[in-house]
Protein chains: 2
Amino acid sequence: MPQVDLLIHSAAQVATCASPDGPRRGAAMADVGLIPNAAVAVSDGEIVAVGPSDDLLAAYTARQTIDAGGKVVCPGFVDPHTHVVYAGDRVGEFELRIKGATYMEIMRAGGGIVSTMKATRAAPVERLVQESRPRLDAMLALGTTTIEVKTGYGLDTDSELNMLSAIAALDAVHPADLVPTFLAAHAVPPEFKNDPDGYLDLVITEILPRAADWHKQAAFKIQNSKLFCDVFCEAGVFDREQSRRVLSAGLAHGLPPKIHADEFQNLGGVSLAVELGAVSADHLDVTPPEEVAALAASDTVGVVLPAVNFNLGSTHFADARAIVDAGAALALATDINPGSAPCPSMPLVMAMACRYQRLLPAEALNASTINAAYAVGLGDRLGSLEPGKQADLLIVDAPDYRHLAYQFGVNLVQTVIKRGRVLTV
Amino acid sequence: MPQVDLLIHSAAQVATCASPDGPRRGAAMADVGLIPNAAVAVSDGEIVAVGPSDDLLAAYTARQTIDAGGKVVCPGFVDPHTHVVYAGDRVGEFELRIKGATYMEIMRAGGGIVSTMKATRAAPVERLVQESRPRLDAMLALGTTTIEVKTGYGLDTDSELNMLSAIAALDAVHPADLVPTFLAAHAVPPEFKNDPDGYLDLVITEILPRAADWHKQAAFKIQNSKLFCDVFCEAGVFDREQSRRVLSAGLAHGLPPKIHADEFQNLGGVSLAVELGAVSADHLDVTPPEEVAALAASDTVGVVLPAVNFNLGSTHFADARAIVDAGAALALATDINPGSAPCPSMPLVMAMACRYQRLLPAEALNASTINAAYAVGLGDRLGSLEPGKQADLLIVDAPDYRHLAYQFGVNLVQTVIKRGRVLTV
């Protein structure tokens, strides 16, 4: 009998989330590829086989076995939109907002994105690593095994490159895989406040080329992973044409586009994303039906971020139900950041999506695994339990995968397995 | 120098939440009795001293010391409204609800409170203990050291008494303190569906006296703790006069009243609670201003349960801000139960309250500690860090107590100390 490194057997359910030909869409979203009384065999950090427990127990011997009796096995979560690398926090601003402070009052009190920019600019790479690492630990313990991370709190050449260095350093020391995104076009820094196009000139002629060069030398654990290029396309930040400039420049340097679109106002960011072949379009809080239809007709993954709406105490959420029903590929993300989403938990995001966006638990799980992997261009390697894929998986202390979204405020993830290694988290 | 059992020192902050003369109200809610660079001394399971770290380090030697450098120490949370003891789950109903099933369709599909009643009736005491214990473990790990638990899934004499036995058994084996509440008037069981008054006759003449007798023999870890009597005062369940009958009968047997009031419709439950001197009035989602004023003029604590609103995907939440501003005593609770709140987390409830009910982090913390202790009649013994109180406290991995509500979906509670004992959770 062939020997494998690890055999997890007798799981009440294995949710494979398998979808080899692209993200799950439409009716396929309600299907997580469930196998009852199932097992997963792993060798050399990859999945060897998934199937009925009796079959795999008969087919393989294993160096290590785990009895997952009464429990669920599913893919590790992929968080495809985060700003998890930063210095400082914004707890004071949180309190001011509750007291009714306006955006401008918060800015005057030193809050907002500029406060995180200042703290991040002041932090050497080592400090960014030190402050961010516990957040990655929390995410991993909650089941997130792959984390997209954006720059965008530096907003000058050195500080943006420092953020990239911190992301690479964290990828090197942390079990999770990190996927970097270049987001110098996150905000207009104070030194350019009357000249946003001047800042974009700097981004395009200096910061972006430096970032692209840096990435050619950078070594991430995921082989040949991309550096993405993102832009905050929003009223008062960058408009549609400015966003096109940034993303086109990124493409010219080989960086596939992503976009922050329609968080507060619709500027046509989704149709721009589709036109440019973006890997994802994110937020989508106010995307009109015709742009949802354009998204559905494209390969761009729509990413919604309900923790942001929750954090603002908002009663409006992106219409994820309509996005799925239109046939678009949908993913979920935390958006973890110190201002609008101090939240590391994909399961809580799933719980929100099921309640305020009317996703089924199966849809929320696909949106947090296989579709989230496609949203970072890694759907061929991550996000599902299929032979040949990286062995990133979770043992969940529940008899049914739907508990991941049904229960909330509790961590049901009992064991995290990353690249076939059973982690202590 | 006197020796104590345990000295926790160098905490960035100790939030005492001290309030010896009754629950915190009004402006005092925004004050958590914060002491910077502070220490707590504990002996024989009680708090001996709280104050500046240098003072306590100079005043005491200790058998065990904990350096809480950079961290926050606060009282253990008191969850004053739960239905955490039950059998089965309602994950299928959760999915049906997302699909748009009506209440009646869910009932026909075997969902609703009756499904939990059936599972609970079918479960021997040992099984209730076995199924409920992991939920208590989750609550304790999230910082809840005292848990009110209601009956009300038995709805017949033997099954209600079985639930009481399970609550007592759990109190005996679990580090958390459990506080029992008799809630046979939680719903009308199917065998009385056309005769709710007939069921109340059974409750009042048979189940309640048996429960009261049982409680005289029962041994809970908290000395001389009460058995409370509760009723679900709601349209379609028990009206105001039926509720008065139940609570008055409870009082006649020595059981202080609590009430479920104004969750969906206002039936005057709050004014009834005030009239009867209830220890708490809970839910308050639709309480009109004149009843909030009556609450404010009373000793009854108002308990709000935002996880229930969240679980239903509702955009309406109890107006906790108005309740505090009116001068009423406010507490928070999870309401953990398998239907409307599968949520063990007081910190997540605090996060919700700050966002959807506009409580300040300080108000949310007082509402989860000292005021919650008053809501279960134990404000003189629990819920704050004051000399002579039971040593139930938390070490929180954050530099500022406001992080407890600012961050969400993550467990910041690093160490739980119950009756002076450092627990492994």
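The values are calculated or read from the model by the stated rules, or taken from the named source; none is laboratory data. Not measured: the values here are computed from a predicted model. Cβ atoms come from the backbone with ideal geometry, glycine included; neighbour counts cover every protein chain shown. Ligands, DNA and RNA are stripped out before the accessible areas are found, and what is left, the full protein with its side chains, is counted by its heavy atoms. Shrake-Rupley method; radii C 1.70, N 1.55, O 1.52, S 1.80 Å.
Screening B:Leu378, B:Leu348, B:Leu394 for residues that are more than 9 Å from chain A (Cβ to nearest Cβ), surrounded by 24 or more Cβ atoms within 10 Å (Cβ to Cβ) and touching a residue at least 40 places away in the same chain (Cβ under 8 Å) leaves exactly one candidate, B:Leu394. Taking first residues from region A:399-421 that are more than 10 Å from every other protein chain (Cβ to nearest Cβ) and partners that are among the acidic types (Asp, Glu) and part of a strand (DSSP E or B), the Cβ contacts under 6 Å between residues at least 6 apart in sequence or on separate chains come to A:Gly420/A:Asp5. When the test is whether a residue is in the same structural domain as A:Ala333 (by TED's automatic domain parsing) and open to solvent by 30 Å² or more (accessible area, probe 1.4 Å), A:Asp137 passes it. Taking the criterion of being in contact with an Asp or Glu (Cβ under 7 Å, 6 or more places away or on another chain) and closer than 30 Å to A:Glu131 by Cβ, the residues of region B:366-416 that qualify are B:Arg402, B:Leu412, B:Gln414. Checked against the criterion of being open to solvent by 10 Å² or more (accessible area, probe 1.4 Å) and closer than 30 Å to A:Leu360 by Cα, region B:290-307 has no qualifying residue. Residue check: A:Gly152 meets all listed conditions (1) over 25 Å from A:Val410 (Cα atoms); (2) open to solvent by 20 Å² or more (accessible area, probe 1.4 Å) but one, namely (2).
Here is a yes/no grid of residues against (1) assigned to a loop (DSSP other than H, G, I, E, B); (2) of a type in the set (Lys, Arg); (3) open to solvent by 10 Å² or more (accessible area, probe 1.4 Å):
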residue: A:Ile66; (1), (2), (3): no, no, yes
residue: A:Val78; (1), (2), (3): no, no, no
residue: A:Val84; (1), (2), (3): yes, no, no
residue: A:Phe94; (1), (2), (3): no, no, no
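Counting only residues that are closer than 27 Å to B:Gln390 by Cα and open to solvent by 10 Å² or more (accessible area, probe 1.4 Å), region B:155-175 holds 6 of them. Are any residues in region A:269-283 open to solvent by less than 10 Å² (accessible area, probe 1.4 Å) and touching a residue at least 24 places away in the same chain (Cβ under 8 Å), and if so, which ones? A:Gly269, A:Val270, A:Leu272, A:Ala273, A:Ala278, A:Ser280, A:Asp282, A:His283, listed by residue number. Is it the case, given these coordinates, that A:Val286 is open to solvent by less than 30 Å² (accessible area, probe 1.4 Å), modelled with pLDDT of 95 or more and of a type in the set (A, V, I, L, M, F, W, C)? No.
Of everything listed in (1) within 14 Å of chain A (Cβ to nearest Cβ); (2) out of contact with any helix residue (DSSP H, G or I) (no Cβ under 6 Å at 6 or more places or on another chain); (3) more than 20 Å from B:Gly143 (Cβ to Cβ), the single unmet condition for B:Lys71 is (3).
Number of residues in region B:367-404 that are touching a helix residue (DSSP H, G or I) at 6+ places or on another chain (Cβ under 7 Å) and under 19 Å from B:Ala138 (Cβ atoms) equals 3. Elements of the type helices (runs of 4 or more DSSP H) sitting completely within region B:177-285 and holding at least 1 residues that are polar (S, T, N, Q) and over 27 Å from B:Gly111 (Cβ atoms): these cover B:208-217, B:240-252, B:269-275. For region A:309-322, the candidate set comprises residues that are surrounded by fewer than 23 Cβ atoms within 10 Å (Cβ to Cβ) and part of a helix (DSSP H, G or I); within that set, the residue that is nearest to the other protein chains (Cβ to nearest Cβ) is A:Arg321.
Quick check on my filter: what residues within region B:1-57 are within 30 Å of B:Ala326 (Cα to Cα) and part of a strand (DSSP E or B)? Residues satisfying the conditions are B:Gln13, B:Val14, B:Ala15, B:Leu34, B:Ile35. So which residues in region B:202-217 are within 24 Å of B:Gln390 (Cβ to Cβ) and either surrounded by 17 or more Cβ atoms within 10 Å (Cβ to Cβ) or polar (S, T, N, Q) (or both), if there are any at all? Hits for region B:202-217 are B:His215, B:Gln217.
Of all residues in region A:325-336, those that are open to solvent by less than 10 Å² (accessible area, probe 1.4 Å), more than 11 Å from chain B (Cβ to nearest Cβ) and on the phi < 0 side of the Ramachandran plot total 6. Being aliphatic (A, V, I, L, M), modelled with pLDDT under 95 and farther than 29 Å from A:Ala328 by Cα, is that true of even one residue in region A:1-10? For region A:1-10, residues aliphatic (A, V, I, L, M), modelled with pLDDT under 95 and farther than 29 Å from A:Ala328 by Cα: present.
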